[in-house]
Structure formats: C-alpha cells, structure tokens
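Data first, discussion second: the structure below is written as structure tokens.
The values are calculated or read from the model by the stated rules, or taken from the named source; none is laboratory data. Here the structure is a predicted model, which means the values were calculated and not measured. Backbone-built Cβ (ideal geometry, glycine too); neighbour counts: all protein chains shown.
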Amino acid sequence: MIVVLMGVCGSGKTTVGEALAAALGWPFHDADLDDVASVVADSGEGRWTVQESVEQGVPAPVLALSLMARFASQGRDDYAGKVLAMMRKSFGGHAIETSAPEPGAAR
C-alpha cells in the first residue's frame with residue numbers, strides 16, 4: 001500500500017508523513033515536487049496502442065484521451081502534471097524531467 005499526502009508548502013506533509021510512517025513501520029519518502037517538471041513522458045506505447053486501435057477499428061477513447069493529456073502536459077507548469085509525472089515514476093519506473101531553476105532563485 002502507498003499513502004500519498006498532498007498539500008501546499010508548509011502545511012505539515014513531511015511532519016505528518018514521518019509520524020505516520022513511524023507509527024506503521026513503513027519507510028518514508030519525501031517527494032518534493034519543486035524540481036519536477038510538469039511533463040508526462042511519452043515513451044511511445046500510448047501512441048502505438050492508439051494507432052493500432054484506429055487501424056483495427058476498435059474504440060479506445062480513454063487511451064486516446066490519456067495520450068492527448070500527455071501531449072497537453074508538454075510546456076505547462078502545473079501541480080497536477082508534476083504529481084502525475086511522479087506517480088508514473090513511482091509505479092511504472094517512467095523517467096521524469098527536472099525543471100530548470102528560475103534565474104536568481106534560491107535552492
């Protein structure tokens with residue numbers, strides 16, 4: 001089982017997560033999203049699946065929409081894309097892109 005705590009910066013996610021993990025005897029992983037780019041990787045399987053469904057005449061609307069969502073994530077910087085990119089990394093081992101620091105930003 002995986003438990004994910006989400007919230008705004010400073011809301012206590014790390015504090016609560018560490019205490020919960022200690023109480024359950026689970027490892028704790030802090031997945032800070034500041035350095036994660038809001039890009040959902042396109043490895044090619046989605047494209048192939050949608051193309052094949054079209055060629056075979058088999059409707060696959062959910063697969064097609066998920067592929068379009070991947071394309072739409074390119075170039076946007078939103079929190080949902082960062083979360084999705086990290087989930088795909090955690091569950092499927094997909095690569096993530098890191099975001100470049102803002103000029104003059106403290107890290």
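Here Ala41 fulfils each of the conditions (1) modelled with pLDDT under 85; (2) part of a helix (DSSP H, G or I) apart from (2).
Taking first residues from the range 52-70 that are without any contact (Cβ under 8 Å) to a residue 12 or more places away in the chain and partners that are of a type in the set (Ser, Thr, Tyr) and part of a helix (DSSP H, G or I), the Cβ contacts under 8 Å between residues at least 6 apart in sequence or on separate chains come to Pro59/Ser53; Ala60/Thr49; Ala60/Ser53. Would you say Leu5 is touching a residue at least 24 places away in the same chain (Cβ under 8 Å), not aromatic (Phe, Trp, Tyr) and not in a helix (DSSP H, G or I)? No; evaluated as a whole, the condition is false for this residue. If the condition is being loosely packed, with under 12 Cβ neighbours inside 10 Å and part of a helix (DSSP H, G or I), then the range 55-64 contributes Glu55, Gln56, Pro61, Val62.
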